[in-house]
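The values are calculated or read from the model by the stated rules, or taken from the named source; none is laboratory data. Since we're looking at a predicted model, the values are computed, not measured. All Cβ positions, glycine included, derive from the backbone under ideal geometry; neighbour counts span all protein chains shown.
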Amino acid sequence: MAGLKNIKQKIQSVKKTSTVTRAMEAVSAVKMRKAQERAIAARPYARAALRMLGSVSGSRDASNHPLTRERKEGKVGIVMITSDKGLAGSLNSAVLKKTQEFISDAGLSARDLVFICLGKRGYEFALRRGYSVVHHHTNISDGIDEEEFRRITRQVIDLQESGVTREVRVAYTDFRSTFEQEAAVHKILPVSLHVMERVIASITPERGKFADIENLSARRTQAGGDGASAYTIEPDTEEVFKVLIPKLANIAVFHKLLESKASEHSARMVAMKNATDKAREVVRDLTRKFNRVRQAAITREVSEITSGIEAMR
């Protein structure tokens, strides 16, 4: 009977775990949809910013701006976006592995790098490896807007403008679909047309009603070339670029955060679904075991009763 009691307790425990994982799956599904909708809803804003950058990209003042100028001096900054919590499968480990691969392939050492960590897992990774972490932020709200996010992006921009970094890359998780997320390391600074085109491409799903992104280069060709137009800028060029280019940088980083948020909730939803399915299998197997043990106990008791009756005769 002690064996039956233990099996029954295990079944009840697994059922309780299944209830929790099923609830977490539902919550993650809602959060994932909201994060994806936010990224898609902001796509026209990012595309308008890209058109603005394309219009002024040929300007000498634009090419000499600290956030657009290519240079060889300085370190490589890495904005690492990970989650604060676990239970998301291999999401965080994939980002950490991709980051380490980029560092190895680029031949960079710890003294060549500075990290800005958004999320607990990436921060812990950087500390373990002995990398310099100049800023870190945890528990970033899913509902953070572009205006609030500027205080974080400002830290990245300051590193580039001061010459501490020569380029900045973002290590994050690219949301491809509900069941597919891919770790990536993309360049965001210095700002360029290629960088902004990559931002827009990354917030467009591969399938579904939002997958009809226009070919920007084809549009430029149809318009008669891809050269920048000449503009008269008021009040002056420096003042306009002082506002425009940091805003473009903010858009680039912000959309990577939205992609990572959608990927995190999607990965957690899938992981919790798998956990729920596995719990059901365990309950089924334990129930079968419980029935076998109980049947064996009943059979044994019947045999003992039968043997006792035969002995009395």
As an exercise: evaluate Phe102 against (1) at pLDDT below 90; (2) in a helix (DSSP H, G or I) and give the number of the one condition it does not meet. (1)
Just need a number here: residues in the range 1-38 that are of a type in the set (A, V, I, L, M) and within 11 Å of Ala279 (Cβ to Cβ). 3
Condition check: under 13 Å from Thr17 (Cα atoms), of a type outside the set (Val, Ile, Thr), out of contact with any strand residue (DSSP E or B) (no Cβ under 6 Å at 6 or more places or on another chain) and loosely packed, with under 15 Cβ neighbours inside 10 Å. Does Arg292 satisfy that? no
Among the numbered conditions (1) at pLDDT below 90; (2) crowded, with 18+ Cβ neighbours inside 10 Å; (3) closer than 30 Å to Val243 by Cα, tell me where Ala88 comes up short. (3)
Determine if the range 172-183 includes at least one residue that is in a helix (DSSP H, G or I) and in the same structural domain as Glu73 (by TED's automatic domain parsing). no
